[in-house]
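Have a look at the structure below, then the notes.
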Amino acid sequence: MVARTLITTADERTWPKDTNEPVLFLGEWCRRYSREHVWSKYDAEVAPYHWDDRTKLYSDYKYITRIYEHFLRLLSRKLNDVHGVNHSLRYWRILIGPWLGYFIQMLFDRWYMLSITLANNNVNKMYWLESDESEFIPNDMSEFTAMFVMDDWNEIVYSQILGALYIKELDVVTVSASRNEKDNTAPKRNSRSLARILFKKMLFIYNVLVSNKETAFFISSYLPLKNDLKLQLKLGQLPTIWRSQSCPVAKSSFEKRENINCNILDSFDEFSKVVAKLIPKHLPTAYLEGYQKLKSYPYKLGWPSVPKFIFTSNAYLADDVFKQWAAEKTEINTPLVIGQHGGHFGMNPFSFDEEHQIKIADRWLSWGWSDDSRPQIIPVGNLKDTSNAVEYDPTGGALMVEMAIPRQSYHLYSIPISRQWLDYFQDQQLFLKLLPLKLRNKILLRLYSHDYGWDQFDRWKDTGIEVKYDLGKSNIISLIKKSRLYISTYNATTYLESLNWNIPTIIFWNPVHWELNEDVAPYFMLLKSVGIFHETPESAAQQMIKVWDDVDVWWKSVEVQAIRMRFCDQYTKKPKEPLSDLNALFHEIVREFDCFDSDC
């Protein structure tokens, strides 16, 4: 077996300068399509990806969940001690749970790939960057989500894992590095203009003037703004418009991080030991060095001290200012209500994000589905989709919407992971190749707005398939209005909206990578029976060919409409009186929690 140098990321600073040096790429994420002229020159192999075995993925997910719960309890106790507080496990789950869950899931993937690759291959060498580890400690969850898609962050994690594994037989060559080189694979964040800064200041003054300490708190509700404001009026309060705030910045401290060293019993396995060693190296400063600033910050913002309830659909994940404040309020029995904010919920056999939301919420508002084992789920309907119906053009073209994911795994749920995006891309090509040229020319291919280093546009141009492109910047409703057919290629929000708007829709995806749970599977079989849902690109292409000349004959048939409405009623129900329904629900929640306090 040829001895090879291990390459863990697409960061070419860690690649051998001599292309004659045999290499082993840890995964397809190392080989950027736009850099083929570089990596194709090497004598190279690519390690097989362990989660191509989806049975293993599900088994690993259950194992990782147990590890996460253990470290959540352990780290909660550590942080209580360090900060001299006595917060509940729920408090810490709300605040640090998203970061800890994402981090452990990503860490397992990186650890396992290194372990299995080193065990099964003749790897004798690797290069790693001489970096300041403190530069890779995020300030908060928001900064972490921008970091983990970047090659330099992953490079440092791989080197830390190898350090924790004590790999002595590996020849490690240290390469000097600087973070001045920009990684362009992360989603771009909007800069703050002067006008936006002034608007925020005026909004702050307004909110402080009209709110009081018991004002119900709405933030990132996912409701259309006018409905958000109308609902607050119905609740008997002057509307407030609270916005997410940047987390106070804090510098990391080596001494404080030593105090949270997560030592574990020797009886735990090797992965747990790696987690214990790396948590202090990556814990966001907002949870440790900046915690006191984080706790005091909401009081400077004028947020209510004893709100009747808290309602959000998006702020539960990356808004650490909100999360700390909301966690604190739950400890004085303020109900936390979270609304569904997109598709895939209630459909997956496993999802960390869904499980986390429902665990931390007193009430979780679904788009129509329920679960007897989780009574806090309340089916209220699609609160986002309350605008007027969207029309389509029966003589227009077709809109085909694509997706992209980070090249390396992040939080786990039933979608393609890492290199499996390439399988997804192959299916997209096949669908288009199977269409007659006259139909293919009618398609507008909308690429995902975040590329994540997959080089989507270059890949598509090099296929030679002639279609028109949208780079994910145009308003999707305006594109639908010009189309006679909407083609959805992944399990997320978009097809739920098109079905709700009664837009002719064809859905196709590989069921191996988009697993469905046993509750939703019969509904997709109904969609399949009338030609809406397809499990192969071949079947979807045949359906498009079949219905193209008169889409309305198919779409407006009694059978198709009956099944469409049945599916929508379960997974994207359109409430008849959404504001009245929510008003009644929130009043009921407040009464129920008041009874807890007064023992009525």
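Glu588 falls short on exactly one of the conditions (1) surrounded by fewer than 18 Cβ atoms within 10 Å (Cβ to Cβ); (2) more than 30 Å from Lys433 (Cα to Cα); (3) under 29 Å from the mean Cα position of the chain (by Cα), and that condition is (3). Scanning segment 1-13 for residues that are outside any strand (DSSP E or B), touching a residue at least 60 places away in the same chain (Cβ under 8 Å), closer than 20 Å to Glu130 by Cβ and not hydroxyl-bearing (Ser, Thr, Tyr) yields Ala10, Asp11, Arg13. Checking each residue of segment 382-398 against the condition of being out of contact with any strand residue (DSSP E or B) (no Cβ under 9 Å at 6 or more places or on another chain), at pLDDT 95 or above and either within 30 Å of Glu588 (Cα to Cα) or surrounded by fewer than 19 Cβ atoms within 10 Å (Cβ to Cβ) (or both) gives no match.
Given the options Ser178, Ser220, name the one that is modelled with pLDDT under 95 and polar (S, T, N, Q).
Numbers: Ser220 fails: modelled with pLDDT under 95.
Sole residue among the options that is modelled with pLDDT under 95 and polar (S, T, N, Q): Ser178.
Candidates are the residues of segment 75-111 that are farther than 22 Å from Val321 by Cβ and surrounded by fewer than 17 Cβ atoms within 10 Å (Cβ to Cβ); the one that is farthest from the chain's Cα centre (by Cα) is Asp81.
Contact annotation: residue pairs with Cβ atoms under 7 Å, 6 or more positions apart or on different chains, pairing a residue in segment 53-70 that is under 12 Å from Pro349 (Cβ atoms) with a partner that is in a helix (DSSP H, G or I), are Leu57/Trp51.
For Val149, indicate whether it is crowded, with 22+ Cβ neighbours inside 10 Å and β-branched (Val, Ile, Thr).
Details: crowded, with 22+ Cβ neighbours inside 10 Å: no; β-branched (Val, Ile, Thr): yes.
Taking the combined requirement at face value, the residue does not satisfy it.
From the list Lys442, Lys433, exactly one residue is out of contact with any Asp or Glu (no Cβ under 8 Å at 6 or more places or on another chain), surrounded by 17 or more Cβ atoms within 10 Å (Cβ to Cβ) and among the basic types (Lys, Arg). Which is it?
Working: Lys433 fails: surrounded by 17 or more Cβ atoms within 10 Å (Cβ to Cβ).
Criteria check complete, one pass: Lys442.
The single condition among (1) buried (at least 19 other Cβ atoms within 10 Å of the Cβ); (2) modelled with pLDDT of 95 or more that Asp458 does not satisfy is (1).
Scanning segment 277-313 for residues that are aliphatic (A, V, I, L, M) and part of a helix (DSSP H, G or I) returns Leu278, Ile279, Ala286, Leu294. Checking each residue in segment 512-521 for being under 20 Å from the mean Cα position of the chain (by Cα) and within 29 Å of Val390 (Cα to Cα) picks out Trp514, Leu516.
Residue pairs whose Cβ atoms lie under 6 Å apart, separated by 6 or more positions or on different chains, with the first residue in segment 343-356 and in contact (Cβ under 8 Å) with a residue 40 or more places away in the chain and the second among the β-branched types (Val, Ile, Thr) and not in a loop (DSSP other than H, G, I, E, B), are Gly343/Thr493. Among the residues making up segment 400-412, those that are of a type outside the set (Asp, Glu) and under 14 Å from Gln428 (Cβ atoms) are Met400, Val401, Met403, Ala404, Ile405.
Please determine, by comparing only the residues of segment 481-502 that are among the small types (Gly, Ala, Ser) and not in a loop (DSSP other than H, G, I, E, B), which one is farthest from Ala389 (Cα to Cα).
Here is the first cut: in segment 481-502, the ones among the small types (Gly, Ala, Ser) are 483, 488, 492, 498.
With not in a loop (DSSP other than H, G, I, E, B) added as a condition, the list becomes 483, 488, 498.
Values: Ser483: 15, Ser488: 19, Ser498: 10 Å.
The qualifying residue farthest from Ala389 (Cα to Cα) is Ser488.
Condition first: among the β-branched types (Val, Ile, Thr) and in a strand (DSSP E or B). Now tell me which residues in segment 396-411 satisfy that. Scanning segment 396-411 gives a single hit, Val401. If the condition is being of a type in the set (Gly, Ala, Ser) and either modelled with pLDDT under 95 or assigned to a loop (DSSP other than H, G, I, E, B) (or both), then segment 14-70 contributes Gly27, Ser40, Ala47. Listed by first and then second residue, the pairs linking a residue in segment 196-220 that is closer than 17 Å to Gln237 by Cα and surrounded by 11 or more Cβ atoms within 10 Å (Cβ to Cβ) to a residue that is modelled with pLDDT of 90 or more and polar (S, T, N, Q), with Cβ atoms under 6 Å apart and 6 or more places separating them unless they lie on different chains, are Asn207/Thr240; Ser211/Thr240; Thr215/Gln237; Ile219/Thr312.
From Asn382, Asn441, which residue is among the polar types (S, T, N, Q) and closer than 27 Å to Tyr571 by Cα?
Testing whether each residue is among the polar types (S, T, N, Q) and closer than 27 Å to Tyr571 by Cα leaves just Asn382.
Just one of (1) touching a Lys or Arg at 6+ places or on another chain (Cβ under 8 Å); (2) under 27 Å from Gln426 (Cβ atoms) fails for Met525. It is (1). In segment 504-557, the qualifying residues are those that are aromatic (Phe, Trp, Tyr) and in a loop (DSSP other than H, G, I, E, B), and the one that is surrounded by the most Cβ atoms within 10 Å (Cβ to Cβ) is Trp509.
Can you find even one residue in segment 468-480 that is in a helix (DSSP H, G or I) and of a type in the set (Asp, Glu)?
Taking segment 468-480 as the starting set, the residues that turn out to be in a helix (DSSP H, G or I) are 476-480.
Now drop any that are not of a type in the set (Asp, Glu), which leaves none.
Scanning segment 468-480, I find no residue that is in a helix (DSSP H, G or I) and of a type in the set (Asp, Glu), so the answer is no.
Of the residues making up segment 18-72, those that are small (Gly, Ala, Ser) and surrounded by fewer than 16 Cβ atoms within 10 Å (Cβ to Cβ) are Ser34, Ser40, Ser59.
The values are calculated or read from the model by the stated rules, or taken from the named source; none is laboratory data. Owing to the predicted nature of the structure, the values given are computational and were not obtained by experimental measurement. Heads up, the Cβs are rebuilt from the backbone with ideal geometry, glycines too, and the neighbour counts pull from every protein chain shown.
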